[in-house]
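Undergrad: This is the structure, below, for whatever I ask next.
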Amino acid sequence: MFTLYANFKGGTGKSTVVFNMGLWLAARGKAVTICDLDPQRTVSDVAEIRAEMGYQPPLEIAHGLPGKGGAGGEWLADVGLSDTEAMRAAIRAAGRIVVPVTPSQADIWATQHFLEIIAEERGTGRKPQVFGFINRADPHPRSRENAETRAALRLLPGIKPLGPKLVQRLAFRRSFSEGLAAFELEPGGKAAKELDDLARAIHG
């Protein structure tokens, strides 16, 4: 399955999510390739740190889309906003699209625009699964921003909002900078539990 993690707004944390999701799948014995189409190559840099530290399993990185013969195993793609054609090509190739949304009105507007681009690229053909989830959520359990963002996502056509969310936690930033998944740095931590819930909702 080829899964694209993307939105039409920067700062949504998609590179961190792709890295963690790739390792979550690899830890369950899946063959995983991270398709790093972002010119910043953030996931590639983190995978290199991981390799230098000798952490297992390693992450396989590609800088192009799967061939026309199909994607063997799990492919997760991270795309940058500066290369619109690469993003559109990934949309056309994806069997599943996951949209991280930070809790703000600007992110809802960006998500709405991104859904319009998906509709343009996929036309009347077979539509991919499109999931949305709140990333970098306010840690307060009664956050107004989280609730408003979730409600707004429910109103957007063409996207299925997911219940699990990832909270803005130090564990995600710290583990990413060290080449580790959040569940490797803090196996019993809140970040690891949130990641597991989200990964199961997306990847089963």
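The values are calculated or read from the model by the stated rules, or taken from the named source; none is laboratory data. It should be emphasised that the depicted structure is a prediction, and the values quoted were computed from it without experimental measurement. Cβ sites come from the backbone with ideal geometry, for glycine too, and all protein chains shown count toward neighbours.
Undergrad: Pick from the range 1-16 the residues that are hydrophobic (A, V, I, L, M, F, W, C) and either at pLDDT below 95 or under 19 Å from S82 (Cα atoms) (or both): which of them is surrounded by the fewest Cβ atoms within 10 Å (Cβ to Cβ)?
TA: Only one residue tops the list, namely M1.
Undergrad: Ok, one more. Is the range 137-160 home to any residue that is touching a residue at least 60 places away in the same chain (Cβ under 8 Å), surrounded by fewer than 20 Cβ atoms within 10 Å (Cβ to Cβ) and among the acidic types (D, E)?
TA: no
Undergrad: Continuing with the same structure: Pick from L166, L170, L185: which is exposed (fewer than 15 other Cβ atoms within 10 Å of the Cβ), under 16 Å from T16 (Cα atoms), modelled with pLDDT of 95 or more and aliphatic (A, V, I, L, M)?
TA: It is L170.
Undergrad: Looking at V99, V17, can you tell me which residue is outside any strand (DSSP E or B), touching a strand residue (DSSP E or B) at 6+ places or on another chain (Cβ under 8 Å) and of a type in the set (V, I, T)?
TA: Unique residue meeting the criteria: V17.
Let's see how each residue does on (1) of a type outside the set (D, E); (2) surrounded by 23 or more Cβ atoms within 10 Å (Cβ to Cβ); (3) more than 20 Å from A171 (Cα to Cα):
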residue: T33; (1), (2), (3): yes, no, yes
residue: V46; (1), (2), (3): yes, yes, no
residue: Q56; (1), (2), (3): yes, no, no
residue: I61; (1), (2), (3): yes, no, yes
residue: G67; (1), (2), (3): yes, no, yes
residue: L81; (1), (2), (3): yes, no, yes
residue: I91; (1), (2), (3): yes, no, yes
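Undergrad: Is it true that W75 is under 23 Å from E121 (Cα atoms), touching a residue at least 12 places away in the same chain (Cβ under 8 Å), within 15 Å of the chain's Cα centre (by Cα) and outside any loop (DSSP other than H, G, I, E, B)?
TA: Yes, satisfied.
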